[in-house]
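Structure first, commentary second.
Derivation of every value follows stated rules applied to the coordinates shown; laboratory data play no part. Worth saying up front: this structure is predicted, and the values here are computed from it rather than measured. Note that we place each Cβ from the backbone using ideal geometry, even for glycine, and neighbour counts take in every protein chain shown.
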């Protein structure tokens, strides 16, 4: 998904944040889903509860698919997802809950590729990553490294990070059967940090204690760091938005929470955790009350 054009898509969701009739205030809120986003969700909850005594927010992970399933069956107020919700899932939510899904981009992430800090490799192209994760390349020497077998670490298939990597890097090809699936990005980081032959992928905010590679769009492109500037401008080839999904228009405390997350204070938490705040064009539309105007939703795949 092209980060430079995604802010146009946000406008379609903005109209759903208009004021609604006063309702009883909900004091206990639940957020569930993406393991990539769980720390970010917890930090948001901690900060918001500190500013709003009497409000309780429970945040749990389990994967983007788990959060979306919980939204569909009505056991969470907010689903955190590191991938866009599928149209079939939105339709299922409407059928089950009787409400349209509200999609909110809440942060930016550069999907990082990790190797052990002693690995001499500094960059890989997307075609090379595809070859590695589909088993066409099995030895580091084939991509400029040492003569060692490549050990693959991946996320579980209910993960939005897994789905994004499969679609945008593997072009929907299957992962090689030897890829070891792990329950969260932190687990991938831990595994790669202990394995000099390992390679993994996940959110940039988790990239501590290991080395992340520069990523090239193709063999003739330059290697790009997953820096804030490169992610926001779309130069980094595997950039993505992180999402909140809700069933219907937010009201009461839920509406206040979503507005706060889109405010400068809420976006400051994004940066403190290690992800990247929304572009100014998007943030400005969510700050200072209900935004106005719509734009045609445009989605571009890489």
Measuring from the longest principal axis of the C-alpha atoms of the chain, the long axis of helix 264-273 (C-alpha) lies at a number of degrees, nearest 10, equal to 30 degrees
Residue separation between residue 174 and residue 27 times 0.36 nm, minus their alpha-carbon distance, gives in nm 48.5 nm
With R₀ set to 30 angstrom, the calculated FRET efficiency between the beta-carbons of residue 148 and residue 51, to the nearest 0.05, is 0.05
Against the 2.2 N^0.38 Å rule of thumb, the C-alpha Rg of the chain sits at a ratio of 1.01
extent check for the stretch 110-233: Cα max minus min per principal axis, descending, whole Å, gives 35, 32, 30
Helix 252-261 sits off the longest principal axis of the Cα atoms of the chain, rounded to the nearest 10 on a 0 to 90 degree scale, by 40 degrees
Full extension between residue 195 and residue 218 adds, at 0.36 nm per residue less the Cα distance, a length in nm of 5.6 nm
In degrees rounded to 10, the 0-90 angle between helix 87-97 Cα long axis and the longest Cα principal axis of the chain is 30 degrees
For the chain the mean separation of alpha carbon contacts under 8 Å (6+ apart) over residue count, i.e. relative contact order in percent, is 32 percent
By the mean-Cβ-within-10 Å protection proxy, highest first, 75-85, 213-223, 115-125 rank as 75-85, 115-125, 213-223
Summing -39500 (n - 2.57) over every DSSP H run of at least 4 in the chain, dividing by its residue total and rounding to the nearest 500, the 222 nm mean residue ellipticity is -10000 deg cm²/dmol
Taking r as the C-beta separation of residue 99 and residue 281 and R0 as 30 Å, the FRET efficiency to the nearest 0.05 is 0.60
